[in-house]
1. Do you know which residues across the range 178-216 are touching a strand residue (DSSP E or B) at 6+ places or on another chain (Cβ under 6 Å) and within 24 Å of Pro27 (Cβ to Cβ)?
2. When you check Glu86 against the structure, is it over 20 Å from the mean Cα position of the chain (by Cα), surrounded by 15 or more Cβ atoms within 10 Å (Cβ to Cβ) and closer than 22 Å to Gly122 by Cβ, yes or no?
3. Kindly indicate whether any position in the range 57-64 is buried (at least 19 other Cβ atoms within 10 Å of the Cβ), modelled with pLDDT of 95 or more and either small (Gly, Ala, Ser) or on the phi < 0 side of the Ramachandran plot (or both).
4. Any idea which of Pro27, Pro42 is surrounded by 12 or more Cβ atoms within 10 Å (Cβ to Cβ) and touching a residue at least 60 places away in the same chain (Cβ under 8 Å)?
5. Could you list all residues from the range 133-148 that are within 8 Å of the chain's Cα centre (by Cα) and modelled with pLDDT under 90?
6. Every residue in the range 123-132 that is under 17 Å from the mean Cα position of the chain (by Cα) and more than 17 Å from Glu182 (Cα to Cα), please.
7. Kindly indicate which of Pro132, Pro74 is without any contact (Cβ under 8 Å) to a residue 12 or more places away in the chain and within 21 Å of Met1 (Cβ to Cβ).
8. With the structure loaded, tell me whether Ser117 is within 28 Å of Asn5 (Cα to Cα) and of a type in the set (S, T, N, Q) or whether it fails that test.
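The values are calculated or read from the model by the stated rules, or taken from the named source; none is laboratory data. Source: prediction; values computed, not measured. Methodologically, a virtual Cβ is constructed for each residue, glycine included, from the backbone with ideal geometry; neighbour enumeration extends over all protein chains shown.
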Amino acid sequence: MFSSNYYLMPKFIEYYNRADVLIAPSPQLIDRLKQEGLADRPVVYQQFWDHLVMEDFSAAIPANTHRLNFAGNPDKFAFVKEWSGEAKLHVYAAQRELANPNLVLMGWHNGIYLLDSLRQTGGLGLVWTDDPYMETYTTMNAPYKLSTYLAAGMPVVVKNNLAQAEFITQQKLGICVDNLAEAAEKAATISDDEYTLMQRNVERVGKLIRKGYFTKRALINAVMTAQLQPEG
């Protein structure tokens with residue numbers, strides 16, 4: 001995930017090559033690992049990490065407030081501090097002060113409190129990074145932020161090259177864009193009808209994420225795939 005840990009790749013490849021079945025977030029990641037020496041193995045794709053929720057949600061349903069929400073540390077995501085988009089960016093992090101009038105600091109929230117706050121704030125959840133290494137990583141991984149927004153019932157704005165971008169477009173769960181200016185413009189101008197349609201679709205997928213569906217499906221499929229492999 002981080003360039004400083006890249007030296008560990010050979011050890012992980014050796015470990016993965018002992019597996020009967022691999023569980024991965026995307027075909028893109030498997031293609032990348034094969035460049036590092038991964039042998040052909042049966043693969044089950046999980047696609048989304050789950051965000052388990054045992055408690056009941058608040059009665060609030062995310063509304064089209066034309067806001068963008070970002071759950072992440074501004075010290076790790078430089079674009080946050082420089083935000084100047086058409087829509088205000090609501091930042092969920094521990095920072096108490098940031099010298100930018102276009103930001104609304106929401107504080108750090110945990111678990112159900114974060115999901116409840118996102119539902120009440122409304123708008124769209126932003127999945128983004130401006131770090132070149134991390135951006136390459138997001139083309140292969142399943143960002144946890146994405147699952148958090150969907151679990152909260154919130155439509156998302158993501159970059160076009162995100163591993164899940166095609167699914168998001170097909171299922172009408174959000175908007176895929178090329179840059180942050182486009183993300184802000186889309187959030188500021190989205191119609192109520194378009195937002196409501198996306199929110200209803202997100203609620204359907206979010207319910208699966210909250211109940212651990214994607215993990216359960218991946219584990220069951222992995223066991224079945226392993227059992228069906230011929231001996232020798």
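1. Within the range 178-216, no residue meets the criteria.
2. On the way: over 20 Å from the mean Cα position of the chain (by Cα): yes; surrounded by 15 or more Cβ atoms within 10 Å (Cβ to Cβ): yes; closer than 22 Å to Gly122 by Cβ: yes.
It is true that Glu86 is over 20 Å from the mean Cα position of the chain (by Cα), surrounded by 15 or more Cβ atoms within 10 Å (Cβ to Cβ) and closer than 22 Å to Gly122 by Cβ.
3. Checking the range 57-64: at least one residue is buried (at least 19 other Cβ atoms within 10 Å of the Cβ), modelled with pLDDT of 95 or more and either small (Gly, Ala, Ser) or on the phi < 0 side of the Ramachandran plot (or both).
4. Sole residue among the options that is surrounded by 12 or more Cβ atoms within 10 Å (Cβ to Cβ) and touching a residue at least 60 places away in the same chain (Cβ under 8 Å): Pro42.
5. Correct list: empty.
6. Asp131
7. Pro132
8. No; evaluated as a whole, the condition is false for this residue.
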